[in-house]
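Student: My structure is below; once you've seen it, I'll send some questions.
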Amino acid sequence: MILIAGGQLDVNIRVLAQRMEQREIPFHKLLVGPENPPDLRIDIKKNSFELNGVAISPTGCFIRHDVFLYKTDNLALAHSRALNWYQAVRGWVTGKQDITLFNRYFYLRENNKIHNLILAQDFGLPIPETVVVNDFTGIDEGMVQKPVAGGEYTGLVGDLPEDPGSYPRFIQPRLNRPEMRIYRIGPKMLAFWLHSAALDYRCTKDIELEFTDVPQDVGEKLMSLCDRLELDFAAADFMADDEGKLHFLEVNSQPMFAAFDRAAKGQLCDAIIDYLSE
């Protein structure tokens, strides 16, 4: 029995649940959001987990921190609720070694983009020429910039406001489309081309996804990187230079996947379900 936990408005959770229903695999849902939350009771000493008054014993769990928050006048409270639900469920599941869970130990460490670039290079993955600065004076306006901790769309140096803040940002050359995204799901890897004219495909709906093969030389090195980071569920992004060589950009520990699963005709969700069902 698999437990799926996350936000009521999270399309990724919805797609995964629908795939499980199609495959007639029994599962429990713990969804939080604008509708009434479920009743949860965890008795740590008695080793029991009750959902809506029923004790359940999942053998696998897929959980996503809810980032698709509902419209509310108290956004801080919505964030607090999402975080506390996530911590409650994940905290119990991580303590149970007999429950299969993605990225069991990864959340005990920080996901630092600079660290990941250094490790990627150590494992033989090409990376773009990269500097980190907080003074953008004299930098080519056509260079790409993004905060080292994320939280903003990728943009050009020339598009920065007059006062962009004094915090550090990556500066990298602009690489070429299409972008490649590779998912690591347990022992499997699935790759996709992302065709979009936008610098950051997340800010547009004008995008085409193409399911493709994982380049062998890239796949083996990425698998080793994910192993080092203790990530058995992740998505890494790559873009090519003028010679066509793919360069590692970053790896995401909680990637979106609904649209990619459609492009793969359910194979991505199947990989998640198969791993959690082992």
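The values are calculated or read from the model by the stated rules, or taken from the named source; none is laboratory data. Every value quoted in this text rests on a predicted model; they were computed, and no experiment measured them. Positions of Cβ are backbone-derived with ideal geometry, glycine not excepted, and every protein chain shown enters the neighbour counts. With ligands, DNA and RNA removed, areas are computed over all heavy atoms of the protein, side chains included. Shrake-Rupley method; radii C 1.70, N 1.55, O 1.52, S 1.80 Å.
Student: Would you mind giving the average projected area, over all directions, of the Cα convex hull of the chain in nm² with one decimal?
Tutor: So the mean shadow area of the Cα hull is 16.4 nm².
Student: With r defined as the distance between the Cβ atoms of residue 159 and residue 267 and R0 fixed at 30 Å, what FRET efficiency is calculated, to the nearest 0.05?
Tutor: Given R0 = 30 Å and the Cβ-Cβ separation, E is 0.20.
Student: Using 1/(1 + (r/R0)^6) with R0 = 45 angstrom and r between the beta carbons of residue 278 and residue 205, what's the FRET efficiency to the nearest 0.05?
Tutor: 0.80
Student: If R0 is 22 Å, what FRET efficiency do you get for residue 67 and residue 96 from their C-beta distance, rounded to 0.05?
Tutor: FRET efficiency, residue 67 to residue 96: 0.30.
Student: Take every Cα pair under 8 Å in the stretch 38-170 that's 6+ residues apart, average their separations, divide by the length, and report that relative contact order as a whole percent.
Tutor: Here the relative contact order equals 15 percent.
Student: I want the antiparallel fraction of DSSP beta bridges within the chain, as a percent rounded to 5.
Tutor: Taking every DSSP beta bridge with both residues in the chain, the antiparallel ones total about 75 percent.
Student: Please work out how much length the chain gains when fully extended from residue 50 to residue 104, using 0.36 nm per residue of separation minus the C-alpha to C-alpha distance, in nm with one decimal.
Tutor: In short, 17.3 nm is gained.
Student: Please state the equivalent ellipsoid semi-axes for the stretch 176-273: what are the square roots of 5 times the Cα gyration tensor eigenvalues, largest first, in whole Å?
Tutor: So the equivalent ellipsoid measures 20, 17, 12 Å along its semi-axes.
Student: Which value in Å does the Kirkwood hydrodynamic radius of the stretch 8-124 take, with 1/r averaged over all unlike C-alpha pairs and then inverted?
Tutor: Averaging 1/r across every pair of different Cα atoms and inverting gives 16.5 Å.
Student: How much length is gained on full extension from residue 242 to residue 21, taking 0.36 nm per residue of separation minus their Cα-Cα distance?
Tutor: The residue 242-residue 21 span can extend by a further 75.1 nm.
Student: Place +1 on the Cβ of every Lys and Arg and -1 on the Cβ of every Asp and Glu in the chain, take the dipole about the Cα centre, and give the residue among 173, 277, 111 whose Cα lies farthest towards its positive end.
Tutor: 277
Student: How far, in nm, would the chain grow between residue 152 and residue 40 when pulled straight, counting 0.36 nm per residue and subtracting the alpha carbon separation?
Tutor: 36.9 nm
Student: Need one number: nm distance between label points at residue 188 and residue 167, each 7 Å from Cα along Cα→Cβ, rounded to one decimal.
Tutor: Between residue 188 and residue 167, the label points sit 3.7 nm apart.
Student: Averaged per residue, what accessible area in Å² does the stretch 7-69 show with a 1.4 Å probe, protein chains only?
Tutor: Value returned for the stretch 7-69: 58 Å² of accessible area per residue.
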